[in-house]
Every structure is written in C-alpha cells, then in structure tokens.
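> Below is one structure. I have some questions about it.
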Amino acid sequence: MRVISFDGNVYTGKTTLIRFLSDNYGYVSVDEHSLFIDGVPQRSFYKSEYLNLQDRYLSVDTYRKSFLQTGVNLLDRSFVSVSAHVFALYELGLADIREAYFDLLKKKIEEIIFPNVFVWVRCGYNISRARCLSVNNRKETEDIYLSNKYFESIEKFNAKWALAVGGCVINTESNPTDLWCSSIHDKIFKNPGTNLNGKIVTLDNIRRCMNL
C-alpha cells in the first residue's frame, strides 16, 4: 500500500489534481477531513476549544483508514495540514496550542495516517483567493483562511516540512490541463518516497517546523 498526501492552502488545486489522477490512473482517492468531521462527536477534553477541534480533526483518520486499499491511495490533506493550521494560529496570535497539540499527536500516533509521499500543492495568494470567489464559495470559507497572513503562515510551515521530509512541491499557478496533470503524475511517482524514517522521527520534524 502506498499513501500519497496532498497538503497546502485552500484553493490551491489539491482536490482537482487528486480527481484527475484518480480518474485517469485508477488510484483510490480519500476525501479531506472536513467531509468526515460531522461523524466525530464534539468533545471537550481540553480547556482550549482550538485544541478540542484539532482533536476532532485528527480523529477523522480513524474513519478515513477504512477507505485505504491495496495499491496507490491519494489522501486529500493529512495530519500535516492540521499541524500547519496550529502553527498559523500561533503566528496570527490567536492561540498558542503547539505544545499541547504535539502531545495530542503523540497520543494519537496509531490513529493517524502516515503518508509515504508528501505533496505540497501551492500557488500565489491572489490566485487562491480568486479561485475561491469564482466558485461562489465565499460564505462557506471563514475569513481567517482567506487572509494573506494566514496563507503565508501555512506556506511557511509547508516549506519547512517539505524540506525536512523530501516532499514533492507542485505549483498550480495556471488552470490545469490534461498534459500538465500527466507531467505532474510523472513528477510525483518519480519521488522515491517521503523521508519519514518512522513515526517518531516524523513527529520530531513536526515539532521543529512549529518552532518548538
């Protein structure tokens, strides 16, 4: 089994790219956390509501694991996206739950899906924002996720992560064509695999990317 995760900011083209690869190459696609979150009960284990919400999102992987199959699986966002969000909360001065979140990751280490290959899908802030507005999704996307500072914080975290684990970086500045998507397929599958070297080492990388 091979799991390839696609992480990055909102409206950078992650789902579009996954859909193309799944449709054209027969790979299994697994939806992002938000499409499963309603199935996870709201719990208040922690004083911080920010931390309670991240606990719910990480718990989604328990459900998503059931969709993984033998062969290639394309994961729309991984625990890396949740970690990047926690880092952005800190950068924006909204909440510093980094230490508590890191402890939460360690507790849930057997529940979380650990990808074999990490793909960072990125584009410019103005392009991402324009894509959001073009599909009339403005009311469904919270203001924080459309702010330039939040966008930059997510980019900063993913840049560190991609460097730490040898991730594949995909730029989606223009509208994707079949030819472009095919070239991206070749780029991803030439990647020998993310430099994870075990779950504990992976968590240590998360810690460093969070500036802890």
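> State whether the residues of the range 120-127 include one that is over 26 Å from Val72 (Cβ atoms), touching a residue at least 12 places away in the same chain (Cβ under 8 Å) and open to solvent by less than 40 Å² (accessible area, probe 1.4 Å).
Within the range 120-127 (the criterion being over 26 Å from Val72 (Cβ atoms), touching a residue at least 12 places away in the same chain (Cβ under 8 Å) and open to solvent by less than 40 Å² (accessible area, probe 1.4 Å)), the answer is yes, since at least one residue qualifies.
> Out of Ser66, Ser44, report the one residue that is open to solvent by 80 Å² or more (accessible area, probe 1.4 Å), polar (S, T, N, Q), more than 17 Å from the chain's Cα centre (by Cα) and at pLDDT below 90.
Just one listed residue meets the conditions, Ser44.
> Within the range 128-148, track down each residue that is open to solvent by 50 Å² or more (accessible area, probe 1.4 Å) and at pLDDT 85 or above.
Correct list: Asn148 only.
> Scanning for something over 24 Å from Val3 (Cα atoms) and out of contact with any strand residue (DSSP E or B) (no Cβ under 8 Å at 6 or more places or on another chain), does the range 64-74 turn up at least one residue?
No, the conditions are met nowhere in the range 64-74.
> Considering only residues that are surrounded by 15 or more Cβ atoms within 10 Å (Cβ to Cβ) and not hydrophobic (A, V, I, L, M, F, W, C), look in the range 153-175 and name the one that is nearest to Ser22 (Cα to Cα).
If we take residues in the range 153-175 being surrounded by 15 or more Cβ atoms within 10 Å (Cβ to Cβ) and not hydrophobic (A, V, I, L, M, F, W, C), then Thr172 is nearest to Ser22 (Cα to Cα).
> Pull up the range 176-211, narrow it to residues that are outside any helix (DSSP H, G or I) and surrounded by 13 or more Cβ atoms within 10 Å (Cβ to Cβ), then point me to the one that is modelled with the highest pLDDT.
Of everything passing the filter in the range 176-211, Met210 is modelled with the highest pLDDT.
> Another one. Taking the condition of being closer than 15 Å to Ile112 by Cβ, among the small types (Gly, Ala, Ser), part of a helix (DSSP H, G or I) and open to solvent by less than 10 Å² (accessible area, probe 1.4 Å), how many residues in the range 78-97 meet it?
Total satisfying the criteria: 2.
The values are calculated or read from the model by the stated rules, or taken from the named source; none is laboratory data. Predicted, not measured: the structure shown is a model, and the values here were computed from it. So basically every Cβ, Gly included, is an ideal-geometry build from the backbone, and we count neighbours across all protein chains shown. These area figures cover heavy atoms from the full protein model, side chains too; ligands, DNA and RNA do not enter into them. Shrake-Rupley method; radii C 1.70, N 1.55, O 1.52, S 1.80 Å.
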